[in-house]
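Below: the structure, in structure tokens.
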Amino acid sequence: MIDPVDDLASVREATERLLGAAAALDNAAAAGPSRLPGWSRGHVLAHLARNADALVNVLEGRPMYPSADAREADIERDAPRPLAAQLDDVRASGERFQAAAAADADWSRTVELRNGVKDAAARVPFRRLIEVELHHVDLGIGYELEDLPAGFTERETGFLAERFDGHRDVPATTVVAGDGRTWTTGGGAAGGPVTVRGTAADLLGWLAGRRDGAALEVTGGPLPVLPPL
């Protein structure tokens, strides 16, 4: 069951966790490289702030971003700012998102995100939670996939399995966590069926493009190459 109110509380907690950890940085560290190719930690923080505002647009019925170019330009513009400005922006934009979500009157309606993707308004808070949690890991400041809340890891694994379900480039794949939880995905490409086993963190890392899958056990064929998110 999707509970947007509960997810909003989780977003607030995750945001505070990220801000508290990032506050220990200095300006030089904020300008240093993140784990995302070509992005500094400043890029990650700028993206988090602009994503919050973009999701306000979604909830209020406007286009998520004016254009792909505008999205990239805003991140590049904001990335070099001093750490204090970055953190203030992440906090303030997060509060704007919380306020817009709290004012929502119909969680059952359909909203439109980037590239024409549509989803239930009720899932927007979880989409924001994904951004905050995974980009906290991307900052490379001591928060790892293993540190993510277990409930979030399980839901995000299922969310990504659903995203790749039937994808033309992914063979039929069964994903099995160490505790026996199972998800199915892919099925649109030749080959397989493939079974991929591993820890919850390693499976999520592979599905989310954060780990190369070297730690996973694969049977039935090679580890599927997943399309970029």
Karplus couplings for segment 42-58 from phi (6.51 cos²θ - 1.76 cosθ + 1.60, θ = phi - 60°), rounded to Hz, Gly and Pro as x? x, 4, 4, 5, 4, 4, 4, 5, 5, 5, 4, 5, 5, 6, 4, 4, 4
Under the rule rounded for a/c under 1.5, else prolate if a/b exceeds b/c, else oblate, using alpha carbon gyration tensor axes a ≥ b ≥ c, segment 122-229 is classed as prolate
Per DSSP H run of at least 4 residues, take -39500 (n - 2.57); add these up for the chain, divide by its residues and hand me the 222 nm value, nearest 500 deg cm²/dmol. -16000 deg cm²/dmol
Divide the volume of the convex hull of the Cα atoms of segment 156-213 by its number of residues and quote the answer in cubic angstrom per residue. 68 Å³
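With only alpha-carbon pairs counted, each pair once and no self-pairs, how large is the Kirkwood hydrodynamic radius of segment 35-138 in angstroms? Please report the intermediate quantities before stating the final value.
Working: mean 1/r = 0.0710 Å⁻¹.
The answer is 14.1 Å.
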FRET E, pair A29, A92, Förster distance 30 Å, beta-carbon r, rounded to 0.05: 0.90
Separation of the A120 and A190 label points, Cα + 7 Å toward Cβ, nm: 3.9 nm
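Hey, any idea what % of segment 68-181's accessible area is carbon plus sulfur with a 1.4 Å probe? Write down the numbers at each step before the final one.
Details: 2560 of 5240 Å².
About 49 percent, which is the carbon plus sulfur part of the accessible surface.
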Distance between modelled label sites at D147 and N57, nm, 7 Å Cα→Cβ extension: 3.1 nm
Against the longest alpha carbon principal axis of the chain, how many degrees, from 0 to 90 and to the nearest 10, is the axis of helix 4-22 turned? 70 degrees
What ranking do 213-224, 131-142 get when scored by the average of other Cβ atoms within 10 Å per residue, highest first? 131-142, 213-224
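Percent antiparallel among DSSP beta bridges with both residues in the chain, to the nearest 5? Kindly include the intermediate steps, with their values, before the conclusion.
Details: 11 of 17 bridges.
Looking only at bridges with both residues in the chain, the antiparallel portion is about 65 percent.
With a 10 Å radius around each residue's Cβ, average the other Cβ atoms per peptide and rank 181-193, 64-76, highest first. Walk me through the numbers on the way to the answer.
Values: 181-193: 15.8, 64-76: 13.9.
Those peptides, ordered most packed to least, come out 181-193, 64-76.
The values are calculated or read from the model by the stated rules, or taken from the named source; none is laboratory data. This one's a predicted model, so the numbers in the text were calculated from it and none came from an experiment. All Cβ positions, glycine included, derive from the backbone under ideal geometry; neighbour counts span all protein chains shown. The accessibility values were calculated without ligands, DNA or RNA, using every heavy atom of the protein model including side chains. Shrake-Rupley method; radii C 1.70, N 1.55, O 1.52, S 1.80 Å.
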